[in-house]
Amino acid sequence: MNYQPAIDYIKSLSPEPISIAIILGSGLGALGDKLENAVAIPYEDIPGWANSTAPGHSGRLVIGELPTPTNLPDSSGTPAGGKRVLCMQGRLHFYEGHPFSAVTFPIRVMHSLGVRTLVVTNAAGGINFDYAVGDIMLITDHINFMGSNPMIGKNDDTFGERFFDMGKAYTPALCKLAQTCAKKLNMHLHEGVYVAVTGPSYETPAEIRAFRALGADAVGMSTVPEVIAARHCGMDILGLSLITNHAAGVKDEVLGHEEVMEVGQMKAKEMQALVANIIEELN
């Protein structure tokens, strides 16, 4: 694929270096609205970049300065610029009909722009019986149940080697930093395994029982393709799941996307504070 037109277009609007990117999942896009001195670029304007059609995904790239944690909403003081970041307000999903090459296109563009640290967030269903709706899970590992791998096909050696290690896909140092920041904020951060499925239908109770037996703690329809592509590029990765619902069979309830969005909006400030604190501590 030709990434250069997208790289050139983004640089023409925001030429300053960017080393940190955040992918904002369902209901979590508000963090991008908090960036200062920001440039917002609709996906449809970026050459080669597919458009997001999922509810709750704005479908734009926002590049700017993330306010320092003490200047996030509900705090006092004069806002001051923090680290420069790139935010994807809404991701691309396989279930939308996008091929994996389109889903991971942004990762390679971001890497070419200088991004070396990727923070991925998502809304997920809780498989672990100890998880409550509204909890946040630090992703320590994942299971790819999407039936394919985004790196299938001719390898692009400019990004990474044909065969690459996934043993520490979620950077241990970033996981440790996330726990440190969570404690500072008096937040409890679960640690668990995320299993990715294609969707768009929610999982059956039998599937959830199988995933639990495999060691999964939360389930969702995203994240894993981007993480695989990011590891191929050699990025450091931090993953956070907001548990927006109980997975099928955990509770006797009907699952729907409206519930996911509502929980995302309710817990948005906590997620924003945690992510902002983590980014503030990055070198």
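The values are calculated or read from the model by the stated rules, or taken from the named source; none is laboratory data. For clarity, every value in this text was computed on a predicted model and none was experimentally measured. Methodologically, a virtual Cβ is constructed for each residue, glycine included, from the backbone with ideal geometry; neighbour enumeration extends over all protein chains shown.
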- [ ] Determine which member of the set 96, 65, 36 is at pLDDT below 95 and surrounded by fewer than 17 Cβ atoms within 10 Å (Cβ to Cβ).
- [x] 36
Open item on the list: Suppose we filter segment 158-182 for residues that are over 17 Å from residue 282 (Cβ atoms) and out of contact with any helix residue (DSSP H, G or I) (no Cβ under 7 Å at 6 or more places or on another chain); how many remain?
Closed with: 7
Task: Members of segment 1-40 that are small (Gly, Ala, Ser), part of a helix (DSSP H, G or I) and more than 14 Å from residue 110 (Cα to Cα) - done: 12, 30, 32
TODO: Kindly state which helices (runs of 4 or more DSSP H) lie completely within segment 99-202 and contain at least 2 residues that are surrounded by fewer than 16 Cβ atoms within 10 Å (Cβ to Cβ) and not hydroxyl-bearing (Ser, Thr, Tyr).
DONE: 172-184
Open item on the list: If I go through segment 217-265 residue by residue, how many of them are at pLDDT 75 or above and within 18 Å of the chain's Cα centre (by Cα)?
Closed with: 29
- [ ] Please tell me if residue 136 is farther than 26 Å from residue 24 by Cβ and of a type in the set (A, V, I, L, M).
- [x] no
